[in-house]
Amino acid sequence: MTKPTDPERVRLEATRNGTEDWRGWGPYVSERQWGTVREDYSEDGDAWNYLSHDQARSRAYRWGEDGIAGFCDDRQLLCLSLAMWNGADPFLKERLFGLTNQQGNHGEDVKELYYYLDATPSHAYGKMLYKYPQAAFPYQRLIDENARRGLNAREFELIDTGLFDENRYFDVEVEYAKESPRDILMRIVVHNRGPEAAPIHITPQAWFRNIWSWSDEHARPNMSEQSPGEVSGEHDQLGRFALCFEAPDRLAFCDNDTNISKVFDCAGPAGYFKDGVNRFIVEGAETALNPAGRGTKVAGLYYRRLPPGGSMTARVRLSVGAMVTQGFTNFDTLVEQRRQEADAFYQGLQARIADAEMRSVQRQAFAGMLWGKQFYCFDIQEWLDGDPRQPPPPQQRKRGRNSGWPHLDAADIISVPDTWEYPWFAAWDLAFHCVSYSLIDPEFAKRQLLLLSQAWMMHPNGQLPAYEWSFGDVNPPVQAWAALQVYDNDRRWSGGAGDVPFLERIFHKLLLNFTWWVNRKDAQGLNVFEGGFLGLDNIGVFNRSAPLPGGASIQQSDGTAWMAMYCLNMLQIAIELGQHDEVYEDMATKFFEHFLFIARAMNGLDETEHGLWDDADNFYYDQLCMPDGSMLPMRLRSVVGLIPLFAVAVVDGAALRKLPGFLERMHYFRETRSDLAKLVSRWNDPGVNGKHLLSLARVFRMSKLLERMLDDGEFLSPHGVRALSRAYFERPYDFEYSGERYGVKYVPAESDSRLFGGNSNWRGPIWFPVNYLLIDCLRRFHQYYGDAFKIECPTGSGAKLTLNEIADLLARRLIGLFLRGETGARPVYGDAAKFQSDPYFRDLILFHEYFDGDTGRGLGASHQTGWTGLIANLIDQWATERQGS
């Protein structure tokens, strides 16, 4: 590996080898801590209401902090963020507002306008934008209007209120730059976009996370004013620091403690509480601030009245481990230098991407990913038991949510799906995040994949924690696939050999998880898996996480296919490790044999054993397993039936020849168990360039699945592959069971039912993770079959394309969601005129949770850059394909 010269790569290398910790401080503060499971100590598990948005400004959090444009150390001991007040709101804008699950007509939804514009992996530079109305923020109107609207109506969004008409708002830009790993510059620039002068209070603030109120284990830290605008502080874990505000109107001190009388409407102790700055600015309550100029929270106050088109700047500098900051003399020069270094970093990464729009979309996707790192702290045993200095929680909690995970004790930086709606990790989301991270920071990607399998996270039985709402739920097992992707991208990043020790570590961890799957999700030992809802929410006839009526169970096409894919991914890892250590030959054999038995269960052995394949429809379906042992197929065409395509691996012949023991076992199966061998692709016959193919779907079934998938009357959309066949729009699927009738209809946008809370929909929209995996498997098939093998695309068009060309077509449609089309509009923004054409909006991209199956309009969580961040990989692959051709 050559020594890097790019400044950002130099910083990443210094962090990797331990000489400097540039990741020690970053944007690790959530935009929402209120309403999360961690802060819920209720009897009934109603996390959304136990600690509300309204309480958050006055109530100290137990497990984390939140703030707009927040920045903190990797233990979240000291936080920086931005607060604002426009003179009209009922309280300071300190954290983001949104609807909880019960308040929205389509579930949880953030009701703010903010954008992550830039970031580097070392967090030496980052920039975000918040759009703040000049009129009073419509908190109650947003709640009331969304409560009034039904499931067939769109969500009522902030832009729909008219508050941004005539540009009557402030653009608030926040930039962070580091002079060194522990010297942090924060620059806030506010622009009045409106036609009239308008007042604005800008309040950058710093505070300690409250770790002292729960037990006697931690001492209360302190900070105090040393001179006008200058603060010094000390923390028993963080050490000493200096904080400097440039020419503030004044400093305001209070404490990050709960205002008990305010929150609980009862007598409480005197003090200067968490809401002190809010009370002073909004209510004029001077007594809410500590007159001695000290506390555990400080804010620099800047009041300005900006003329139309006018702007203001506030500067803050934090130096940890020093009592004197470097001041503001070269402040702007350093911020500009770090921005230019960010440009240089991405210029190198994007050298192959000719299209400027694609470069912009990819860079904003990376920014969203990097701002999506959060400090995640959660000790389940302490959470269940309660804290020594607090009232004991209800006893019911010890038998409720996550009570089976007392070992889980996290205090880590974790990539989360969304910093507002999902300020917690999700296992399969995280795996996709790592694939995107591996393009810019493979070291972080590798650590993230290993994190969930560490002893303090993985269950002793081998299960990976799914997500905070229910750690014991089940996500698709995509970690081994992600590990291979990260391994390959890391090799490309370093320009050298792959990180074999990483691959070994993740392989051994995933062996435990694979065993858990086999033991717990294949109850009858038939290699047919009942994985639960597997992250696909409402896609099926039934709620697949709940017990079915009449004692039935579901043999899942997707659950079984995911396990076949898992087998092949583990097989590929074993083959790669076997190139370096022959001991892994036996493991390769194990996964090869297990794959064959899953293929038997999936495909059927003969005419008396059909598996989950339906010969009449040429499609894979879930089957309802009745208590008497009879099977009832549920002939619903959804991505559940396409997921078997994911179980495909292409292995280089030269790699196989280095594993003679494994080759011998493969030959044995070909000769003595031809009944099994014929169920999968002709793995013994080399294809293009001597490659071998292992696939759950042989060429006939693969072709038939693609025929369905590429039919624009079914799965193929102008914007990707739909999650459910569009054929169910006019004629919904109808299913009768146990005297009840169940229906499933194609719904291209938001869900029209309350199944899974109505906050996501798999009955028609386009979802990035399954689309990405479909593109990936098409490229793998092409590696074996080559250009000679072609499929009609779209179905019925008469045009024949190679599998690689079909992958390109799908990739281009997904990338097109974010690009301006012939009319100049981006599909992601649908009919939102201001987002499409306004010069202050039109180049800002949001990476939604999923997309309308017909129009491409962004839906669900609007900042789920997480797995939709895979757009960065698609653009990278698109550029690579163009360069190769």
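The values are calculated or read from the model by the stated rules, or taken from the named source; none is laboratory data. As the structure is a prediction and not an experimental result, all values here were calculated from the model. Methodologically, a virtual Cβ is constructed for each residue, glycine included, from the backbone with ideal geometry; neighbour enumeration extends over all protein chains shown. Just so you know, the surface numbers come from the protein's heavy atoms only, side chains and all, with ligands and any DNA or RNA stripped out. Shrake-Rupley method; radii C 1.70, N 1.55, O 1.52, S 1.80 Å.
Tabulated data
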{"item": "Residue count for region 381-395, restricted to those that are closer than 11 Å to Tyr41 by Cβ and touching a residue at least 60 places away in the same chain (Cβ under 8 Å)", "result": "6"}
{"item": "Hits in region 37-85 - residues which are in contact with an Asp or Glu (Cβ under 8 Å, 6 or more places away or on another chain), under 30 Å from Tyr169 (Cβ atoms) and among the charged types (D, E, K, R)", "result": "Arg57, Asp66"}
{"item": "Residue match in region 837-844 (condition: in a helix (DSSP H, G or I) and either buried (at least 19 other Cβ atoms within 10 Å of the Cβ) or free of Cβ contacts under 8 Å to residues at least 24 places away in the same chain (or both))", "result": "yes"}
{"item": "Subset of region 201-247 [touching a Leu at 6+ places or on another chain (Cβ under 8 Å), part of a loop (DSSP other than H, G, I, E, B) and surrounded by 16 or more Cβ atoms within 10 Å (Cβ to Cβ)]", "result": "Arg209, Ile211, Pro221, Gly229, Leu238"}
{"item": "One residue from Leu503, Leu484, Leu577, Leu568 being more than 26 Å from the chain's Cα centre (by Cα), farther than 25 Å from Glu849 by Cβ and in a helix (DSSP H, G or I)", "result": "Leu577"}
{"item": "From Pro627, Pro633, Pro686, residue being over 21 Å from Phe529 (Cβ atoms) and either of a type in the set (Gly, Ala, Ser) or in contact (Cβ under 8 Å) with a residue 12 or more places away in the chain (or both)", "result": "Pro686"}
{"item": "Some residue of region 360-367 being surrounded by 22 or more Cβ atoms within 10 Å (Cβ to Cβ) and in contact with a Cys (Cβ under 6 Å, 6 or more places away or on another chain)", "result": "no"}
{"item": "Selection count where residues are modelled with pLDDT of 90 or more, among the polar types (S, T, N, Q) and over 23 Å from Phe619 (Cα atoms), scope region 709-750", "result": "0"}
{"item": "Some residue of region 589-597 being modelled with pLDDT of 95 or more and either more than 30 Å from Gly739 (Cβ to Cβ) or open to solvent by 10 Å² or more (accessible area, probe 1.4 Å) (or both)", "result": "yes"}
{"item": "Verdict on Ser695 being within 33 Å of the chain's Cα centre (by Cα) and either at pLDDT below 95 or under 25 Å from Met587 (Cβ atoms) (or both)", "result": "yes"}
{"item": "Segments classed as helices (runs of 4 or more DSSP H), wholly inside region 317-397, with at least 1 members that are closer than 30 Å to Ile440 by Cβ and modelled with pLDDT of 95 or more", "result": "331-349, 356-371"}
{"item": "Verdict on Gln326 being open to solvent by 50 Å² or more (accessible area, probe 1.4 Å), touching a residue at least 60 places away in the same chain (Cβ under 8 Å) and more than 22 Å from Ala69 (Cα to Cα)", "result": "yes"}
{"item": "Unmet requirement for Pro417, which otherwise passes all of (1) open to solvent by 10 Å² or more (accessible area, probe 1.4 Å); (2) of a type outside the set (Lys, Arg); (3) part of a loop (DSSP other than H, G, I, E, B)", "result": "(1)"}
{"item": "Looking only at region 479-501, and only at residues there that are among the small types (Gly, Ala, Ser) and surrounded by 15 or more Cβ atoms within 10 Å (Cβ to Cβ), the one that is farthest from Lys3 (Cα to Cα)", "result": "Ala480"}
{"item": "Residue satisfying all of: in region 78-99; part of a strand (DSSP E or B) and of a type in the set (Gly, Ala, Ser); surrounded by the most Cβ atoms within 10 Å (Cβ to Cβ) among these", "result": "Ser81"}
{"item": "Scan of region 764-790 for residues that are crowded, with 21+ Cβ neighbours inside 10 Å and either of a type in the set (A, V, I, L, M, F, W, C) or in a strand (DSSP E or B) (or both), ordered by number", "result": "Ile766, Trp767, Phe768, Val770, Leu773, Leu774, Ile775, Cys777, Leu778, Phe781"}
{"item": "Search result, residues across region 843-885 that are among the charged types (D, E, K, R) and either touching a strand residue (DSSP E or B) at 6+ places or on another chain (Cβ under 8 Å) or under 14 Å from Val828 (Cβ atoms) (or both)", "result": "Asp843, Glu849, Asp852, Asp854, Arg857"}
{"item": "Candidates Phe156, Phe170, Phe137, filtered to the one that is of a type in the set (Phe, Trp, Tyr), in contact with a Leu (Cβ under 7 Å, 6 or more places away or on another chain) and surrounded by 15 or more Cβ atoms within 10 Å (Cβ to Cβ)", "result": "Phe156"}
{"item": "Meets criteria (open to solvent by 70 Å² or more (accessible area, probe 1.4 Å), out of contact with any Leu (no Cβ under 8 Å at 6 or more places or on another chain) and in contact (Cβ under 8 Å) with a residue 24 or more places away in the chain) for Arg250", "result": "no"}
{"item": "Conditions (1) open to solvent by 10 Å² or more (accessible area, probe 1.4 Å); (2) touching a helix residue (DSSP H, G or I) at 6+ places or on another chain (Cβ under 8 Å); (3) not in a helix (DSSP H, G or I): number failed by Arg75", "result": "(2)"}
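For (1) among the hydroxyl-bearing types (Ser, Thr, Tyr); (2) in contact (Cβ under 8 Å) with a residue 60 or more places away in the chain; (3) open to solvent by 30 Å² or more (accessible area, probe 1.4 Å), each residue gets a yes or a no:
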site	(1), (2), (3)
Pro794	no, yes, yes
Gly798	no, no, yes
Leu846	no, yes, no
Asp854	no, yes, yes
Asn873	no, yes, no
Trp878	no, yes, yes
Gln883	no, yes, yes
